[in-house]
Amino acid sequence: MRKIIVGSRQSNLALTQTNWVINELKKAGVENEFEVKKIVTKGDKILDVTLSKVGGKGLFVKEIEKALYDKEIDFAVHSMKDMPAALPEGLIISAIPVREDHRDALISKNQVPLRELPEGAVVGTSSLRRAAQILAERPDLEIKWIRGNIETRIRKLQEEDYDAIILAVSGLKRVGLNEDLITEYLEPDVCVPAVGQGALAIESREDDQELNDILAKINDAYTVKTVTAERTYLNLLEGGCQIPIGGFAHLENEDVVLNALVGTPDGKTILKEVVRGTDPVQVGKEAAEKLLRLGAKDIIERVKEELDQ
Ligand SMILES: NCc1[nH]cc(CCC(=O)O)c1CC(=O)O
(Lines give C-alpha, C1' and ligand atoms only; values in the text may rest on other atoms or scores of the structure.)
Protein backbone atom coordinates (compact mmCIF):
# COMPACT_ATOMS: atom_id res chain seq x y z
CA MET A 1 0.00 0.00 0.00
CA ARG A 2 1.22 3.45 -0.98
CA LYS A 3 2.78 5.73 1.65
CA ILE A 4 1.14 9.17 1.59
CA ILE A 5 3.35 12.27 2.00
CA VAL A 6 1.55 15.23 3.55
CA GLY A 7 2.96 18.75 3.23
CA SER A 8 2.49 21.18 6.09
CA ARG A 9 3.67 24.58 7.16
CA GLN A 10 5.63 24.34 10.36
CA SER A 11 3.40 26.46 12.59
CA ASN A 12 1.68 24.79 15.48
CA LEU A 13 -1.73 25.50 13.89
CA ALA A 14 -0.74 24.04 10.51
CA LEU A 15 0.79 20.91 12.01
CA THR A 16 -2.19 20.38 14.30
CA GLN A 17 -4.59 20.72 11.37
CA THR A 18 -2.52 18.32 9.29
CA ASN A 19 -2.38 15.73 12.04
CA TRP A 20 -6.10 16.16 12.69
CA VAL A 21 -6.81 15.34 9.03
CA ILE A 22 -4.55 12.28 9.12
CA ASN A 23 -6.36 11.11 12.22
CA GLU A 24 -9.78 11.64 10.57
CA LEU A 25 -8.58 9.55 7.61
CA LYS A 26 -7.48 6.77 9.97
CA LYS A 27 -10.82 6.93 11.78
CA ALA A 28 -12.50 6.56 8.35
CA GLY A 29 -10.61 3.29 7.88
CA VAL A 30 -7.65 4.42 5.76
CA GLU A 31 -4.73 2.09 6.48
CA ASN A 32 -1.98 3.77 4.44
CA GLU A 33 1.14 5.02 6.16
CA PHE A 34 1.46 8.83 6.38
CA GLU A 35 4.55 11.03 6.56
CA VAL A 36 4.38 14.75 7.35
CA LYS A 37 6.86 16.93 5.47
CA LYS A 38 7.38 20.49 6.78
CA ILE A 39 7.56 23.39 4.34
CA VAL A 40 8.52 27.02 5.09
CA THR A 41 6.38 29.56 3.23
CA LYS A 42 6.93 33.24 2.48
CA GLY A 43 4.05 34.18 4.79
CA ASP A 44 5.85 32.50 7.69
CA LYS A 45 8.89 34.69 7.17
CA ILE A 46 7.02 38.00 7.19
CA LEU A 47 6.02 38.95 10.68
CA ASP A 48 5.84 42.70 11.08
CA VAL A 49 3.79 44.00 8.18
CA THR A 50 0.04 44.05 7.80
CA LEU A 51 -0.75 40.86 5.96
CA SER A 52 -3.11 42.60 3.57
CA LYS A 53 -0.27 44.86 2.44
CA VAL A 54 2.19 42.15 1.59
CA GLY A 55 -0.03 40.09 -0.64
CA GLY A 56 -2.78 38.42 1.35
CA LYS A 57 -3.92 34.91 0.83
CA GLY A 58 -1.45 33.54 -1.71
CA LEU A 59 1.48 33.97 0.64
CA PHE A 60 0.92 30.82 2.60
CA VAL A 61 0.12 28.44 -0.19
CA LYS A 62 2.58 29.05 -3.05
CA GLU A 63 5.53 26.98 -1.81
CA ILE A 64 3.18 24.20 -0.82
CA GLU A 65 1.69 24.15 -4.30
CA LYS A 66 5.15 23.90 -5.85
CA ALA A 67 5.84 20.85 -3.67
CA LEU A 68 2.57 19.33 -4.91
CA TYR A 69 3.52 19.92 -8.55
CA ASP A 70 6.99 18.48 -7.98
CA LYS A 71 5.40 15.44 -6.30
CA GLU A 72 7.43 16.03 -3.15
CA ILE A 73 4.13 15.85 -1.31
CA ASP A 74 0.77 14.22 -2.12
CA PHE A 75 -1.63 16.51 -0.34
CA ALA A 76 -1.67 19.56 1.89
CA VAL A 77 -4.10 20.90 4.46
CA HIS A 78 -4.94 24.60 4.44
CA SER A 79 -7.24 26.83 6.41
CA MET A 80 -10.07 27.31 3.93
CA LYS A 81 -10.11 31.03 4.60
CA ASP A 82 -6.50 31.35 3.42
CA MET A 83 -7.28 29.69 0.07
CA PRO A 84 -7.27 31.94 -3.00
CA ALA A 85 -10.39 32.02 -5.14
CA ALA A 86 -8.96 29.97 -7.97
CA LEU A 87 -6.44 27.15 -7.73
CA PRO A 88 -3.64 26.73 -10.25
CA GLU A 89 -4.15 24.34 -13.15
CA GLY A 90 -3.90 20.71 -12.11
CA LEU A 91 -4.56 21.23 -8.40
CA ILE A 92 -7.94 20.84 -6.73
CA ILE A 93 -9.61 21.01 -3.35
CA SER A 94 -10.19 17.28 -3.15
CA ALA A 95 -11.96 17.23 0.21
CA ILE A 96 -13.49 19.52 2.82
CA PRO A 97 -13.80 17.89 6.24
CA VAL A 98 -16.33 18.86 8.92
CA ARG A 99 -16.01 22.50 9.98
CA GLU A 100 -14.75 23.56 13.42
CA ASP A 101 -16.41 26.52 15.19
CA HIS A 102 -16.98 29.29 12.62
CA ARG A 103 -17.08 32.22 15.04
CA ASP A 104 -14.65 34.97 15.97
CA ALA A 105 -13.94 35.48 19.63
CA LEU A 106 -13.08 38.52 21.70
CA ILE A 107 -10.36 37.94 24.25
CA SER A 108 -9.97 40.88 26.58
CA LYS A 109 -7.92 41.74 29.61
CA ASN A 110 -10.10 41.26 32.72
CA GLN A 111 -12.82 39.50 30.65
CA VAL A 112 -14.65 42.73 29.67
CA PRO A 113 -17.12 42.09 26.79
CA LEU A 114 -17.21 44.25 23.62
CA ARG A 115 -20.10 46.46 24.72
CA GLU A 116 -18.47 47.21 28.06
CA LEU A 117 -14.93 48.01 26.91
CA PRO A 118 -13.98 51.51 28.09
CA GLU A 119 -14.17 54.34 25.55
CA GLY A 120 -11.10 54.41 23.32
CA ALA A 121 -9.99 50.91 24.33
CA VAL A 122 -7.41 49.35 21.98
CA VAL A 123 -8.44 46.24 20.06
CA GLY A 124 -5.80 44.20 18.24
CA THR A 125 -6.57 42.63 14.87
CA SER A 126 -4.94 42.60 11.45
CA SER A 127 -8.18 41.81 9.67
CA LEU A 128 -10.02 44.64 7.93
CA ARG A 129 -13.18 42.55 8.15
CA ARG A 130 -12.96 42.34 11.92
CA ALA A 131 -11.94 46.01 12.22
CA ALA A 132 -14.94 47.14 10.15
CA GLN A 133 -17.44 45.18 12.18
CA ILE A 134 -15.98 46.06 15.58
CA LEU A 135 -15.94 49.77 14.66
CA ALA A 136 -19.52 49.56 13.36
CA GLU A 137 -20.57 48.32 16.81
CA ARG A 138 -18.15 50.54 18.79
CA PRO A 139 -16.91 53.53 16.72
CA ASP A 140 -15.01 54.88 19.71
CA LEU A 141 -12.59 51.96 19.92
CA GLU A 142 -9.08 52.10 18.51
CA ILE A 143 -7.96 49.32 16.18
CA LYS A 144 -4.27 48.48 16.39
CA TRP A 145 -2.66 46.02 13.99
CA ILE A 146 -1.32 42.86 15.55
CA ARG A 147 0.69 40.14 13.82
CA GLY A 148 2.07 36.75 14.67
CA ASN A 149 0.55 33.37 15.28
CA ILE A 150 -2.24 32.73 17.76
CA GLU A 151 0.07 32.11 20.70
CA THR A 152 2.07 35.29 19.95
CA ARG A 153 -1.09 37.39 19.79
CA ILE A 154 -2.27 36.15 23.15
CA ARG A 155 1.15 36.96 24.62
CA LYS A 156 1.00 40.45 23.08
CA LEU A 157 -2.40 41.02 24.71
CA GLN A 158 -0.82 40.36 28.08
CA GLU A 159 2.45 42.22 27.46
CA GLU A 160 1.53 45.15 25.23
CA ASP A 161 -1.05 47.92 25.39
CA TYR A 162 -3.98 46.05 23.87
CA ASP A 163 -7.21 45.90 25.85
CA ALA A 164 -8.57 43.08 23.70
CA ILE A 165 -7.83 41.02 20.61
CA ILE A 166 -10.01 39.09 18.20
CA LEU A 167 -9.19 35.58 17.05
CA ALA A 168 -11.01 32.76 15.33
CA VAL A 169 -12.42 30.28 17.86
CA SER A 170 -11.33 27.42 15.58
CA GLY A 171 -7.66 28.38 15.60
CA LEU A 172 -7.62 28.82 19.34
CA LYS A 173 -9.19 25.41 19.88
CA ARG A 174 -6.93 23.70 17.37
CA VAL A 175 -3.70 24.88 18.94
CA GLY A 176 -4.98 23.46 22.21
CA LEU A 177 -5.60 26.70 24.08
CA ASN A 178 -8.22 26.67 26.78
CA GLU A 179 -11.59 28.04 25.62
CA ASP A 180 -11.89 29.70 29.03
CA LEU A 181 -9.57 32.36 27.58
CA ILE A 182 -12.48 33.57 25.45
CA THR A 183 -14.34 36.56 26.86
CA GLU A 184 -17.10 36.61 24.28
CA TYR A 185 -18.13 34.55 21.26
CA LEU A 186 -19.05 36.95 18.46
CA GLU A 187 -22.06 35.49 16.67
CA PRO A 188 -22.45 36.22 12.93
CA ASP A 189 -25.06 38.91 13.65
CA VAL A 190 -22.29 40.90 15.40
CA CYS A 191 -19.28 39.79 13.35
CA VAL A 192 -19.78 37.82 10.14
CA PRO A 193 -16.80 35.42 9.94
CA ALA A 194 -14.39 35.18 7.02
CA VAL A 195 -15.53 33.00 4.15
CA GLY A 196 -14.54 29.44 5.02
CA GLN A 197 -13.53 30.27 8.59
CA GLY A 198 -13.14 27.15 10.71
CA ALA A 199 -13.12 24.88 7.66
CA LEU A 200 -10.11 23.12 6.12
CA ALA A 201 -9.27 22.59 2.47
CA ILE A 202 -7.37 19.52 1.39
CA GLU A 203 -5.43 20.25 -1.78
CA SER A 204 -4.04 17.59 -4.09
CA ARG A 205 -3.22 16.88 -7.73
CA GLU A 206 -6.33 16.55 -9.87
CA ASP A 207 -4.94 13.49 -11.65
CA ASP A 208 -4.14 11.55 -8.46
CA GLN A 209 -7.41 9.63 -8.56
CA GLU A 210 -6.28 6.93 -6.16
CA LEU A 211 -5.50 9.48 -3.43
CA ASN A 212 -8.52 11.66 -4.17
CA ASP A 213 -10.80 8.66 -3.63
CA ILE A 214 -9.16 8.13 -0.24
CA LEU A 215 -9.49 11.81 0.73
CA ALA A 216 -13.17 11.84 -0.28
CA LYS A 217 -13.87 9.62 2.73
CA ILE A 218 -13.65 12.61 5.05
CA ASN A 219 -15.61 15.01 2.86
CA ASP A 220 -18.43 16.53 4.91
CA ALA A 221 -21.57 17.26 2.88
CA TYR A 222 -22.82 20.04 5.20
CA THR A 223 -19.49 21.87 5.13
CA VAL A 224 -19.10 21.42 1.35
CA LYS A 225 -22.52 22.93 0.74
CA THR A 226 -22.10 25.93 3.01
CA VAL A 227 -18.51 26.68 2.00
CA THR A 228 -19.53 26.43 -1.68
CA ALA A 229 -22.11 29.17 -1.15
CA GLU A 230 -19.59 31.32 0.73
CA ARG A 231 -16.79 30.91 -1.81
CA THR A 232 -19.04 31.42 -4.83
CA TYR A 233 -20.08 34.74 -3.30
CA LEU A 234 -16.48 35.74 -2.45
CA ASN A 235 -15.13 34.83 -5.87
CA LEU A 236 -17.69 37.05 -7.57
CA LEU A 237 -16.78 40.04 -5.44
CA GLU A 238 -13.08 39.81 -4.93
CA GLY A 239 -9.99 40.12 -7.07
CA GLY A 240 -7.54 38.26 -4.84
CA CYS A 241 -7.06 41.01 -2.29
CA GLN A 242 -7.71 41.16 1.44
CA ILE A 243 -10.77 43.31 1.90
CA PRO A 244 -13.51 43.66 4.52
CA ILE A 245 -15.73 40.85 3.29
CA GLY A 246 -17.55 38.41 5.51
CA GLY A 247 -19.60 35.38 4.53
CA PHE A 248 -21.09 32.59 6.57
CA ALA A 249 -23.65 30.01 5.50
CA HIS A 250 -25.59 27.46 7.51
CA LEU A 251 -28.33 25.01 6.59
CA GLU A 252 -31.95 25.27 7.66
CA ASN A 253 -33.61 22.01 6.60
CA GLU A 254 -32.75 21.83 2.89
CA ASP A 255 -32.04 25.54 2.55
CA VAL A 256 -28.62 27.16 2.48
CA VAL A 257 -28.78 30.48 4.34
CA LEU A 258 -25.91 32.85 3.56
CA ASN A 259 -25.05 35.93 5.63
CA ALA A 260 -22.95 38.19 3.45
CA LEU A 261 -21.24 41.43 4.41
CA VAL A 262 -19.03 44.09 2.83
CA GLY A 263 -17.87 47.08 4.84
CA THR A 264 -15.48 49.98 4.85
CA PRO A 265 -12.46 49.48 7.14
CA ASP A 266 -13.66 52.33 9.39
CA GLY A 267 -16.98 50.55 9.93
CA LYS A 268 -18.97 53.59 8.81
CA THR A 269 -20.58 51.76 5.90
CA ILE A 270 -21.72 48.18 6.32
CA LEU A 271 -23.61 46.37 3.56
CA LYS A 272 -25.38 43.21 4.65
CA GLU A 273 -27.60 40.66 2.96
CA VAL A 274 -29.12 37.33 3.92
CA VAL A 275 -29.88 35.03 0.99
CA ARG A 276 -31.48 31.60 1.11
CA GLY A 277 -32.12 28.83 -1.38
CA THR A 278 -31.54 25.16 -2.14
CA ASP A 279 -28.63 25.57 -4.57
CA PRO A 280 -25.43 26.83 -2.87
CA VAL A 281 -23.96 28.23 -6.10
CA GLN A 282 -27.17 30.14 -6.81
CA VAL A 283 -27.26 31.47 -3.24
CA GLY A 284 -23.65 32.65 -3.52
CA LYS A 285 -24.36 34.36 -6.86
CA GLU A 286 -27.46 36.06 -5.55
CA ALA A 287 -25.63 37.39 -2.46
CA ALA A 288 -22.86 38.81 -4.65
CA GLU A 289 -25.36 40.42 -7.03
CA LYS A 290 -27.31 41.98 -4.17
CA LEU A 291 -24.20 43.41 -2.52
CA LEU A 292 -22.90 44.72 -5.85
CA ARG A 293 -26.23 46.48 -6.36
CA LEU A 294 -25.84 48.06 -2.92
CA GLY A 295 -22.44 49.48 -3.89
CA ALA A 296 -19.95 46.80 -2.80
CA LYS A 297 -17.79 47.40 -5.88
CA ASP A 298 -17.02 50.99 -4.86
CA ILE A 299 -15.96 49.91 -1.39
CA ILE A 300 -13.77 47.10 -2.71
CA GLU A 301 -12.09 49.33 -5.29
CA ARG A 302 -11.42 52.03 -2.71
CA VAL A 303 -9.89 49.59 -0.22
CA LYS A 304 -7.69 48.09 -2.92
CA GLU A 305 -6.40 51.52 -3.90
CA GLU A 306 -5.55 52.28 -0.29
CA LEU A 307 -3.73 48.98 0.09
CA ASP A 308 -1.71 49.67 -3.06
CA GLN A 309 -0.39 52.95 -1.68
N1 LIG B 1 -5.69 34.73 9.51
C2 LIG B 1 -4.86 33.68 10.00
C3 LIG B 1 -5.62 32.44 10.25
N4 LIG B 1 -5.84 31.55 9.27
C5 LIG B 1 -6.58 30.53 9.78
C6 LIG B 1 -6.81 30.79 11.11
C7 LIG B 1 -7.58 29.91 11.98
C8 LIG B 1 -9.05 30.08 11.75
C9 LIG B 1 -9.64 29.11 10.78
O10 LIG B 1 -9.49 27.90 10.97
O11 LIG B 1 -10.33 29.53 9.85
C12 LIG B 1 -6.20 32.00 11.45
C13 LIG B 1 -6.14 32.65 12.76
C14 LIG B 1 -7.27 33.63 13.02
O15 LIG B 1 -7.91 34.11 12.11
O16 LIG B 1 -7.51 33.93 14.20
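The values are calculated or read from the model by the stated rules, or taken from the named source; none is laboratory data. Note that this is a predicted model, so its numbers are computed, not measured. When we count neighbours, we look across all protein chains shown, and the Cβ atoms used for this are built from the backbone with ideal geometry, even at glycine.
Only a single criterion out of (1) of a type outside the set (Ser, Thr, Tyr); (2) closer than 25 Å to Glu238 by Cβ; (3) surrounded by 20 or more Cβ atoms within 10 Å (Cβ to Cβ) is not satisfied by Leu87, namely (3). So, in the stretch 158-169, of the ones that are away from the ligand (no atom under 13 Å from the Cβ) and within 20 Å of Gln133 (Cβ to Cβ), which residue ends up nearest to the chain's Cα centre (by Cα)? Ranking the qualifying residues of the stretch 158-169, first place goes to Ala164.
Look at Gln10 and say whether it is surrounded by fewer than 18 Cβ atoms within 10 Å (Cβ to Cβ) and within 16 Å of the ligand (Cβ to nearest atom).
On the way: surrounded by fewer than 18 Cβ atoms within 10 Å (Cβ to Cβ): yes; within 16 Å of the ligand (Cβ to nearest atom): yes.
Criteria met by Gln10.
When Ala229, Ala249, Ala260, Ala221 are screened for being small (Gly, Ala, Ser) and over 27 Å from Glu137 (Cα atoms), only Ala221 passes. The set of residues from the stretch 110-164 being farther than 20 Å from Val303 by Cα, among the aliphatic types (A, V, I, L, M) and not in a helix (DSSP H, G or I) comprises Val112, Leu117, Ala121, Val122, Val123, Leu141, Ala164. Does Ile214 satisfy being among the β-branched types (Val, Ile, Thr), buried (at least 17 other Cβ atoms within 10 Å of the Cβ) and assigned to a strand (DSSP E or B)? No, not satisfied.
If you go through the stretch 170-208 and pick out every residue that is in a helix (DSSP H, G or I) and near the ligand (Cβ under 10 Å from one of its atoms), you end up with 5.
Criterion applied to Val98, Val77 was being farther than 20 Å from Leu186 by Cα, within 15 Å of the chain's Cα centre (by Cα), surrounded by 22 or more Cβ atoms within 10 Å (Cβ to Cβ) and touching a residue at least 24 places away in the same chain (Cβ under 8 Å), and the one residue passing it is Val77.
Quick check on this structure: which one of Thr278, Thr269, Thr226 is modelled with pLDDT of 95 or more and farther than 20 Å from Leu186 by Cβ?
On the way: Thr269 fails: farther than 20 Å from Leu186 by Cβ; Thr226 fails: farther than 20 Å from Leu186 by Cβ.
Result of the check over Thr278, Thr269, Thr226: Thr278.
For the stretch 19-26, does any single residue satisfy the condition of being out of contact with any Gly (no Cβ under 9 Å at 6 or more places or on another chain), among the basic types (Lys, Arg) and at pLDDT 95 or above? The answer is yes, given that some residue of the stretch 19-26 is out of contact with any Gly (no Cβ under 9 Å at 6 or more places or on another chain), among the basic types (Lys, Arg) and at pLDDT 95 or above. Does Ala229 fit the bill of being crowded, with 21+ Cβ neighbours inside 10 Å, more than 17 Å from the chain's Cα centre (by Cα) and of a type in the set (Gly, Ala, Ser)? No: the conditions fail for Ala229.
Provide a single number: the residues in the stretch 217-262 that are touching a residue at least 12 places away in the same chain (Cβ under 8 Å) and at positive phi.
1
All of Glu89, Glu151 fail the test of being over 16 Å from the mean Cα position of the chain (by Cα) and either at pLDDT 95 or above or within 16 Å of the ligand (Cβ to nearest atom) (or both), apart from Glu151.
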